[in-house]
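Peer 1: Once you've had a glance at the structure underneath, I'll fire off some questions.
Here, each number is a calculation from the coordinates, and none is a lab measurement. Keep in mind it's a predicted model, so treat the numbers as computed, not measured. Heads up, the Cβs are rebuilt from the backbone with ideal geometry, glycines too, and the neighbour counts pull from every protein chain shown.
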Amino acid sequence: MKVFQRLAHAFQAEGVTATFGMMGDGNMFWLHELHNLGVKVHEVRHEGAGLGMADGWARATRQVGVATATCGPGTTQLATAFVTASRAESPLVAFCGEHPVSDPEYSQRFNPAIFAEACESGFVRMHTADQADEAVRKAFFLARTQNRPILLSVPMDLQQEEWEDDEPYVPSTTMITPTRPNPDPDVLKRVADLIAKSKKPVIIVGRGAQWADAGDAVVKLGDRIGAMLATSLLAKTWLNDKCDYHAGISGNYGSRASMQLMHDADLVIGIGASLNRYTLENGYLYPDAQIVQIDSKPQVLMHGVSAANIYVHADAKVGTEQLEKVLAERKFTNTGYRTPDVKKKLAHHWDDPTQFEIDPGTMDPRPAIIMIDEIVPTHISLFSGSGMSSGMSNMLMQRRRPMNQAGHFFGCIGQMLPAAIGAMAATGKKPAIMLDGDASFLMHLAEFETAVRYEMPLLVVVMNNQALGAEYYKLEVKKMNVETSQIPTPDLGSVAVALGGKGALVRNIDQLRTAVLEWVAKPGPMVIDMRISRTVMSIPYRRLHYGKDE
Amino acid sequence: MIEVNQRIEVPASTQAVWEVLSDPHAVVECVKGASLGERHEDGSYDAGLLVSFGPAKVTFRAQFNLELDPPAMTGKVSSRGKDKQGGTKIKADMTFAVTERPEPPGSVIIIDAKTEVSGRMAMIVEGGAKMVVEHMTKDFSKRLTARLNGTPITD
């Protein structure tokens with residue numbers, strides 16, 4: 001057996017069933033062996049997109065996603081996706097070829113260790129052929145325990161050496177003891193004392209609570225203490241089907257009514273949520289609130305500057321259940337926010353009554369998105385892109401779906417299409433829709449062809465304003481030439497057809513309805529090029545750039 | 001740096017306008033969300049200001065100095081403040097001058113203000129802070145005019 005074969009066997013023994021990446025001479029033999037072993041090898045059109053797909057896989061399953069790139073120029077393509085995955089706390093291993101150790105002047109030579117560090121990722125190198133098992137095991141161990149990407153660098157020439165050890169590979173999972181940290185009882189008593197004094201408590205849940213399966217515990221605690229429930233952006237819509245006092249996203253994607261209610265809070269309990277600057281609006285969303293944070297990390301610095309008034313180091317589910325138990329023993333209950341008045345304020349709180357004149361041949365994106373949410377059944381997952389368009393989709397796509405992925409992570413566009421493909425591959429290629437802007441979708445347009453090739457039932461709705469949306473509005477507010485941010489696009493529906501999928505160009509709500517319903521009836525890879533009016537500014541942008549709230 | 005230059009025409013004599021602008025209590029009544037605190041030995045005042053940035057409401061605690069030149073009917077207001085949580089600082093310097101209207105009766109008030117917002121709030125309001133400051137300046141003009149006209153101040 002060659003070392004590249006052993007490496008492939010080791011990956012399979014780690015539980016890997018799929019990879020995403022491009023073949024090159026630094027990884028081709030390893031990929032060939034994975035294919036022989038029955039691992040699904042997804043060939044993509046850009047290495048960075050491949051890593052983005054592995055990121056989507058990890059976000060959907062919390063299992064290690066695997067990407068691959070060849071040495072040098074293949075590896076450098078991973079940069080943006082590496083940082084994005086690191087910020088998303090996605091466990092990943094990227095198998096990267098490295099130039100031959102025997103040829104330091106090789107044209108594709110590159111120092112991947114420095115690169116990984118700059119990309120906020122871990123690094124493991126196979127220094128000698130007989131370290132193959134150790135290197136793979138360490139890479140997976142670090143990915144699983146640190147929840148971030150690990151660049152596994154494997155020199156090309158070492159891959160061709162003989163592997164003579166016939167001992168079975170020992171996977172990294174044997175070195176990891178899963179734990180659910182229990183809260184300190186004394187700390188919980190302090191939290192219960194704080195809750196007893198609170199008149200207006202808000203619970204903010206994040207992905208940590210979702211990952212810990214803390215939903216029922218959160219709802220029970222919220223009912224007991226009369227909390228208004230909100231989520232981080234990353235956990236958007238979670239539990240909104242289980243609580244009548246759900247205020248949506250805490251932060252700039254929140255409605256005016258919910259933010260006004262949040263402003264009155266005297267206590268915020270963050271559960272599995274980092275409570276970063278966006279979720280708390282740097283603290284200004286809850287100016288008079290004490291903060292309690294329940295999280296499995298040993299400590300968290302909220303929005304980079306301050307700690308919670310009481311930090312509970314605990315698994316989200318265990319911590320919430322035990323807190324609720326302490327309160328039950330005290331027979332504590334509170335009405336809090338749970339009043340008819342609050343319920344009334346939260347009913348239809350997403351309505352945006354501001355009127356804009358619509359450019360000819362385009363539509364108002366707001367009713368269009370609301371209609372999409374209504375006519376796409378809730379068993380279909382949702383992926384929301386980043387950029388200006390997310391100000392619409394993150395606020396207006398309200399129905400709970402199996403996957404509801406959103407997030408800015410590195411603040412870059414173009415990353416959600418790969419993530420959507422990876423997440424779909426991880427969950428049995430069930431139908432999903434993605435809403436994204438035109439510049440964002442076009443950045444990795446080639447990967448729509450990947451979606452076609454692997455028969456992904458993905459509907460991409462491109463909110464096409466033929467501009468770099470964020471820059472357009474920033475130029476406009478400074479009274480500069482907005483034309484510099486405008487980029488005309490071809491008919492992206494026709495482009496999708498040329499790439500082997502289905503497509504439509506829609507300019508009004510009836511055309512949109514017809515196209516969406518066509519896809520709902522028979523899901524497959526499809527692009528709807530939805531022309532939207534640049535005159536309609538999202539609520540978050542109105543707040544950021546004009547200080548307005550309507 | 002947010003710069004606002006405002007020219008306000010009011011149907012009141014320069015003396016009547018000056019009496020308002022030289023009285024900190026009267027000025028504060030023309031600023032929505034403002035309250036006047038103690039006067040210090042050095043002549044400076046404490047003040048509070050509740051500002052709405054979109055849906056966020058921020059209470060600033062400030063100290064300001066008022067320098068007046070009655071013969072020239074000009075003044076300078078220098079203020080420094082920070083929010084209740086200490087994450088945002090605000091620095092504002094404003095000069096004003098009262099003159100007769102070119103076509104009497106009435107007065108003209110020329111206001112030049114420079115405001116800096118720094119810290120955590122500045123990170124989340126981006127360009128919105130400029131709009132808020134401009135809006136507040138216009139609102140001040142509206143309230144000042146209403147006061148000089150003797151009409152009720154409405155929101």
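Peer 1: What value in Å³ per residue do you get for the convex hull of the alpha-carbon atoms in the protein assembly as shown?
Peer 2: Numbers: hull volume 137.9 nm³, N = 705.
Taking only Cα atoms, the protein assembly as shown has a hull volume of 196 Å³ per residue.
Peer 1: Right, something else. Please identify which residues in the stretch A:23-65 have an amide N closer than 16 Å to a label point set 7 Å out from the Cα of A:K2, following the Cα→Cβ vector.
Peer 2: Answer for this model: A:23-37.
Peer 1: Still on this structure, please answer the following. Based on Cβ point charges of +1 for Lys and Arg and -1 for Asp and Glu, what charge dipole magnitude is obtained for the stretch A:352-448 about its Cα centre, in debye rounded to the nearest 20? Numbers along the way, then the final one.
Peer 2: Numbers: 6 positive and 9 negative charges, 121 e Å.
So the dipole magnitude of the stretch A:352-448 works out to roughly 580 debye.
Peer 1: To continue, here is another question. If Lys and Arg each add +1 and Asp and Glu each add -1, what is the summed charge of the other residues whose beta carbon sits under 9 Å from the beta carbon of B:G81? Working shown, then result.
Peer 2: Values: positive: B:R61, B:R80, B:K82, B:K89, B:K91; negative: B:D83.
Net charge in that neighbourhood comes out at +4.
Peer 1: Set the Förster distance to 45 Å, then compute FRET efficiency between B:N149 and A:M480 from the Cβ-Cβ distance, nearest 0.05.
Peer 2: Working: r = 38 Å, r/R0 = 0.86.
E between B:N149 and A:M480, to the nearest 0.05, is 0.70.
Peer 1: If you don't mind, there's one more thing I want to ask. Please give, to one decimal in nm, the separation of the simple spin-label points placed at A:T179 and A:A113, each 7 Å out from Cα toward the Cβ.
Peer 2: With each label placed 7 Å out from Cα toward Cβ, I get 3.0 nm.
Peer 1: What is the set of long-range amide H partners of A:F123 at a cut-off below 5 Å, with H atoms built 1.01 Å from backbone N?
Peer 2: The answer is A:L151.
Peer 1: Separation between the A:K325 and A:T514 pseudo-spin-labels, each 7 Å from Cα along Cα→Cβ, expressed in nm?
Peer 2: Spacing of the two 7 Å Cα→Cβ label points: 6.0 nm.
Peer 1: For the stretch A:283-319 and the stretch A:486-550, what is the centre-to-centre distance using only Cα atoms, to the nearest Å?
Peer 2: Result: 38 Å between the Cα centres.
Peer 1: Continuing with the same structure: At 25 °C and 0.890 mPa s, grab the translational diffusion coefficient of the stretch A:365-546 from Stokes-Einstein with a Kirkwood Rh over Cα pairs, rounded to a whole number in µm² per second.
Peer 2: On the way: Rh = 16.2 Å.
D, rounded to a whole number, is 151 µm²/s.
Peer 1: On full extension of the chain, what length is gained from A:A521 through A:E357, given 0.36 nm per residue of separation minus the C-alpha to C-alpha distance?
Peer 2: Details: separation 164, 0.36 × 164 = 59.04 nm, distance 3.34 nm.
Answer, rounded to one decimal: 55.7 nm.
Peer 1: Can you work out the PRE-style zone for A:E43? Point 7 Å along Cα to Cβ, and I want the residues of the stretch A:65-85 with backbone N under 16 Å.
Peer 2: A:68-70, by backbone N distance to the label point.
Peer 1: Assign unit charges at the C-beta atoms only (+1 for Lys and Arg, -1 for Asp and Glu), then state the dipole size of the protein assembly as shown relative to its Cα centre in Debye, rounded to the nearest 20.
Peer 2: Details: 73 positive and 82 negative charges, 430 e Å.
Computed charge dipole of the protein assembly as shown: roughly 2060 debye.
Peer 1: Per DSSP H run of n ≥ 4, the term is -39500 (n - 2.57); total these for the protein assembly as shown, divide by its residue number, and report the mean residue ellipticity at 222 nm rounded to 500 deg cm²/dmol.
Peer 2: On the way: 27 runs with 254 residues, N = 705.
-10500 deg cm²/dmol, from helical runs alone.
Peer 1: Just to verify a number: FRET efficiency for A:L301 and B:A72, C-beta to C-beta distance, R0 = 51 Å, to 0.05? Mind dumping the intermediate values first?
Peer 2: Details: r = 52 Å, r/R0 = 1.03.
FRET efficiency, A:L301 to B:A72: 0.45.
Peer 1: Same structure again: Using a Cα distance threshold of under 27 Å, what count of lysine pairs results for the stretch A:96-250 when pairs must be 8 or more residues apart or interchain?
Peer 2: Lysine pairs, 8 or more places apart or on different chains, close enough: 14.
Peer 1: Right, next: Work through the residues other than A:R45 whose Cβ is under 14 Å from its Cβ and net out their charges, Lys, Arg +1 and Asp, Glu -1. Provide the component values of the computation, followed by the final result.
Peer 2: Values: positive: A:R453; negative: A:E43, A:E47, A:E447, A:E449.
Surrounding charge for A:R45 is -3.
Peer 1: Taking the simple approach of a point 7 Å from Cα along Cα-to-Cβ for both A:D341 and A:Q160, what is their distance in nm?
Peer 2: With each label placed 7 Å out from Cα toward Cβ, I get 7.8 nm.
Peer 1: Something else: Inside 10 Å of the C-beta atoms of B:56-67, what's the mean count of C-beta atoms belonging to other chains? Walk me through the intermediate numbers first.
Peer 2: On the way: counts 14, 6, 3, 2, 0, 0, 0, 0, 0, 0, 0, 0.
Other-chain Cβ atoms within 10 Å of each residue's Cβ, averaged: 2.
Peer 1: Excluding same-chain pairs closer than 8 in sequence, count the lysine pairs in the stretch A:365-546 whose Cα atoms lie under 29 Å apart.
Peer 2: Details: A:K429/A:K502; A:K429/A:K522; A:K430/A:K502; A:K430/A:K522; A:K502/A:K522.
Taking the Cα cut-off of 29 Å, the pair count is 5.
Peer 1: Right, something else. Of B:F96, A:F11, how do they rank once you tally other Cβ atoms within 10 Å and put the fewest first? Each step should come with its number before you reach the end.
Peer 2: Numbers: B:F96 22, A:F11 28.
By the 10 Å Cβ count, ascending, the order reads B:F96, A:F11.
Peer 1: Picking from A:I433, A:G391, A:L499, whose Cα lies most toward the positive end of the charge dipole for the stretch A:365-546 (charges on Cβ: Lys, Arg +1; Asp, Glu -1)?
Peer 2: A:G391
Peer 1: What is the sum of charges around A:D266, taking Lys and Arg as +1, Asp and Glu as -1, for the other residues whose C-beta is under 11 Å from the C-beta of A:D266?
Peer 2: Details: positive: A:K197, A:K199, A:K200; negative: A:D264, A:D288.
That works out to +1.
Peer 1: Near B:K91, which aspartates and glutamates are there with a Cα under 16 Å away, not counting those fewer than 8 places off in the same chain?
Peer 2: Straight-distance partners of B:K91: B:E3, B:D46, B:D83, B:D112, B:E116, B:E134.
Peer 1: From the phi angles alone, apply the Karplus equation (6.51, -1.76, 1.60; θ = phi - 60°) to the stretch A:396-401 and give each ³J(HN,Hα) in whole Hz, x where the residue is Gly or Pro.
Peer 2: Each residue of the stretch A:396-401 in turn: 9, 7, 9, 7, 6, 9 Hz.
Peer 1: Can I ask one more? Under a 5 Å amide H to amide H cut-off, with H placed in plane at 1.01 Å, what residues pair with A:T231 once short-range neighbours are removed?
Peer 2: So A:T231 has HN proximity to A:V205, A:G248, A:I249, A:S250.
Peer 1: Give the long-range amide H neighbours of B:S107: residues separated by 5 or more places, or on another chain, with amide H under 5 Å away, using H modelled in the peptide plane at 1.01 Å from N.
Peer 2: Residues meeting the amide H criterion: B:V10, B:A12, B:R101.
Peer 1: Okay, moving on. Tell me, what ³J(HN,Hα) does each residue in the stretch B:10-24 have, in order and in whole Hz, if you take phi through Karplus 6.51 cos²θ - 1.76 cosθ + 1.60 with θ = phi - 60° and put x for Gly and Pro?
Peer 2: 10, x, 9, 5, 4, 5, 5, 5, 4, 4, 6, 5, 8, 10, x
Peer 1: Taking the Cα centre of the stretch A:3-175 as the origin, how large is its charge dipole in debye, to the nearest 20, when only Lys and Arg (+1) and Asp and Glu (-1) carry charge on their Cβ atoms?
Peer 2: On the way: 12 positive and 22 negative charges, 203 e Å.
Computed about the Cα centre, the dipole is about 980 debye.
Peer 1: Determine ³J(HN,Hα), in whole Hz, for all residues of the stretch B:98-103 in sequence, where each value follows from phi through the Karplus function 6.51 cos²θ - 1.76 cosθ + 1.60 and θ = phi - 60°; x replaces Gly and Pro.
Peer 2: Karplus-based 3J(HN,Hα) across the stretch B:98-103 equals 10, 9, 6, 5, x, 10 Hz.
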